[in-house]
Amino acid sequence: MSFRHHGYRATLIRANIAITSGREQWEAAIALLRSVADPHEYYASATLAQILRKQDPASRQAQELFQNSYLAIRDLGHLQAVVEVRSKILLLLVAGMCAQYTAGYTAMAEEHLVEAEGLLASLPERDGQPCTVFSTLSKRNVDKSVVLADIDALRRGSVLNDV
């Protein structure tokens, strides 16, 4: 993992904090996410697409960002390479959300979401409790019941929780 990759992850974390701070901070989040120049950083581009679509459901730029993110996930082979359960669930949720807005791949959205649901039973435990998963909708770590609700929301076209 390169230094640049770590810098992009830090930028994504700062953007997620801005997103969860309320809509008045979304422009700051947008500016941060636009600074991520690497097209392989699909978590950043998908997050930018989420904000843009939430602001304008007809946003062409959001649709393009979702498409570019999905194609990066697919082309990089991460759906096959990522095996750690929590990371795989997050990746599948993002892939499912992005596939919904990618011409020619919309049917894949349901496959990714079904696979994510199936993996919830495999979450590792810590002190007898299942581990949490990062929610692409709330930008927080949540328990598996919330992930199930997120999956239902993604199926209905939700892209970001209201804050």
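Check every DSSP H run in the chain and write down those whose alpha carbon atoms cover 18 angstrom or more along the long axis and whose mean Kyte-Doolittle hydropathy is 1.0 or greater. List each step's numbers first, then the result.
Values: long enough: 3-20 (26 Å, -0.06); 42-55 (19 Å, -0.14); 60-76 (24 Å, -0.58); 85-99 (20 Å, 1.77); 106-119 (21 Å, 0.06).
Those that clear 18 Å and a mean of 1.0 are 85-99.
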Item to complete: For Asp75 paired with Ile17, estimate the spin-label separation in nm (one decimal), with each label point 7 Å from Cα along the Cα-to-Cβ line.
Response: 3.2
Worksheet item: Whose amide H sits under 5 Å from the amide H of Phe134, counting only residues 5 or more places off or on another chain, with H placed in the peptide plane?
Response: Val142
Worksheet entry | Length-normalised contact order for segment 69-131 - Cα pairs under 8 Å, 6+ apart - percent | 30
Discussion item. With n ≥ 4 as the cut-off for DSSP H runs, can you work out [θ] at 222 nm for the chain, using -39500 (n - 2.57) per run divided by the number of residues, rounded to the nearest 500?
Written reply: -20000 deg cm²/dmol
Practice prompt. State the answer as a single residue: which of Gln61, Cys131, Val82 lies farthest towards the positive end of the charge dipole of the chain, with beta carbon charges of +1 for Lys and Arg and -1 for Asp and Glu, about the Cα centre.
Written response: Gln61
Discussion item. Could you tell me how far the Cα centroid of segment 10-33 sits from the Cα centroid of segment 89-138, in Å?
Written reply: 22
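Nothing charged except the Cβ atoms of Lys and Arg (+1) and of Asp and Glu (-1): what's the magnitude of the dipole of the chain about its Cα centre? Round to the nearest 20 debye.
Values: 17 positive and 18 negative charges, 72 e Å.
I would put it at about 340 debye.
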Worksheet entry | Inter-label distance, nm, simple model (7 Å from Cα along the C-beta direction), Val146/Glu84 | 1.9
Worksheet item: Between Arg155 and Ala31, what is the FRET efficiency for a Förster distance of 30 Å, r being their Cβ-Cβ separation, to the nearest 0.05?
Response: 0.45
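Report Rg/Rh for the chain, rounded to two decimals, where Rg is the Cα radius of gyration and Rh the Kirkwood radius.
Values: Rg = 14.9 Å, Rh = 15.8 Å.
Here the Rg-to-Rh quotient is 0.94.
Every number in this text was worked out from the coordinates using simple rules, so none of it is lab data. In this text, all values refer to a predicted model and were calculated from it rather than measured experimentally. Cβ atoms come from the backbone with ideal geometry, glycine included; neighbour counts cover every protein chain shown.
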